[in-house]
1. Can you name every residue in the stretch 200-229 that is in contact with a Lys or Arg (Cβ under 8 Å, 6 or more places away or on another chain) and closer than 15 Å to LEU88 by Cβ?
2. Can PRO74 be described as at negative phi, at pLDDT below 80, surrounded by 12 or more Cβ atoms within 10 Å (Cβ to Cβ) and over 23 Å from the mean Cα position of the chain (by Cα)?
3. Would it be correct to say that GLY116 is under 18 Å from LEU209 (Cβ atoms), surrounded by 18 or more Cβ atoms within 10 Å (Cβ to Cβ) and not hydroxyl-bearing (Ser, Thr, Tyr)?
4. Kindly indicate the residue of the stretch 285-313 that is β-branched (Val, Ile, Thr) and touching a Pro at 6+ places or on another chain (Cβ under 9 Å) and also least open to solvent (accessible area, probe 1.4 Å) among those meeting that condition.
5. Report yes if some residue within the stretch 263-277 is without any contact (Cβ under 8 Å) to a residue 60 or more places away in the chain, open to solvent by less than 10 Å² (accessible area, probe 1.4 Å) and part of a helix (DSSP H, G or I); otherwise report no.
6. Which pairs do you get when a residue that is more than 14 Å from ALA130 (Cβ to Cβ), found in the stretch 212-228, comes within reach of a residue that is assigned to a helix (DSSP H, G or I) and open to solvent by 20 Å² or more (accessible area, probe 1.4 Å), reach meaning Cβ atoms under 8 angstrom, with the pair 6+ apart or on two chains?
7. Return the residue satisfying two criteria in turn: it lies in the stretch 196-241 and is among the charged types (D, E, K, R) and closer than 20 Å to GLN156 by Cβ, and of such residues it is most open to solvent (accessible area, probe 1.4 Å).
8. Do the conditions hold for VAL183, that is, is it in a strand (DSSP E or B) and of a type outside the set (Phe, Trp, Tyr)?
Amino acid sequence: MIDFRYHLVSLIAVFLAVALGIVIGTTQLNEPILADIKSQVTSLEQDKRGLEDQTQALQAQLNTSDAFETAVAPALVGHSLANKKVLLVITNEDVPTDTVDGLSALIEQAGGAVSGTVRLQPGYTDPANASSLQSYVTGSGLPTGLKLPETDDAGQLVSSVLAQVLMVKPGAPARDTSQISSVLAGLNALDALTAESSSVAAADFAVVLTAGAFQGNDAADRNGTLTDLLTAMDAAGSGVVVAGDADSAGDNGLIGTVRNDPKLSAAISTVDNVASSAGQISTVLGLAAESGGTSGKYGTGQDTQPVPPVPAATP
């Protein structure tokens, strides 16, 4: 009769043999796998270093290009805005201060002057604030002589009031600065806008600076309120350019909204790279083109021109 201990020893021997076989087999298999993994890691490290080198080279080229554009900008814009006044309207807090300052300086180099800077607050486009805005613009506190459109749409009413006091047609008398201040103060009290400059005067042109896009279910309504303002200012002055970033050229951005509307895009110019020197040049040249009745889409987005036509030099 076979002893139990013999069975136990036999089973242990079998398991040890199996374990030893697994270890030996795994070791033999792991060696080529590990070698392959090491080879892939080495290759990826080389690719990473190559991409880093390319990124540095491209950044250097970009810096050189931007520096060149900055250097030639005054010569390119020439006197394209000679004796013209330009109003800056900022639509949100995401517009960089450097962009506002750079564009303001280039407008002056083009012979123009910034008549003032106005920043719209979220309450300007908030549907919940519409009734308060409508009550103000249809009340008795506005300057005399304003003609309101026959509508109960708050966005169109406020846009009409702002356009009539902030913009002026060639040869037409401009509103007194005290009347402009009165309207701005009234809208400021309703959290609709603030005056960023010490004074705001009527202008020939308007640049509407924007960044990013609206989020939420009321995005279309908010963009609609802003396009009402663009349309009203364009009709009351010599032209409007909307300048922003790539995000603002998306579907819920202001530039995207203008470009997706054939009627709007035919009347109002857009620039989708205003943070760059090239974009600021395009904005100034776009204003000059607007005075001649030409609107365009400029920047780096789809179906855009890099820059507007450069005006011919005056002998």
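The values are calculated or read from the model by the stated rules, or taken from the named source; none is laboratory data. What you are looking at is a predicted structure, and each value in this text was computed from that prediction instead of being measured. Using ideal geometry, Cβ is built from the backbone for each residue, glycine included, and neighbour counts are taken over all protein chains shown. Side chains are part of the model used for accessible areas, which takes the heavy atoms of the whole protein and leaves out ligands, DNA and RNA. Shrake-Rupley method; radii C 1.70, N 1.55, O 1.52, S 1.80 Å.
1. Listed by number, the residues that qualify are ALA201, ALA202, ALA203, ASP204, PHE205.
2. yes
3. Taking the combined requirement at face value, the residue satisfies it.
4. THR294
5. Scanning the stretch 263-277, I find no residue that is without any contact (Cβ under 8 Å) to a residue 60 or more places away in the chain, open to solvent by less than 10 Å² (accessible area, probe 1.4 Å) and part of a helix (DSSP H, G or I), so the answer is no.
6. Sorted first by the residue in the stretch 212-228, then by its partner, the pairs are GLY212/ASP247; ALA213/ASP247; PHE214/ARG222; ASN223/THR257; THR227/THR257; THR227/LEU264.
7. ASP221
8. Here the answer is no, as VAL183 does not meet what is asked.
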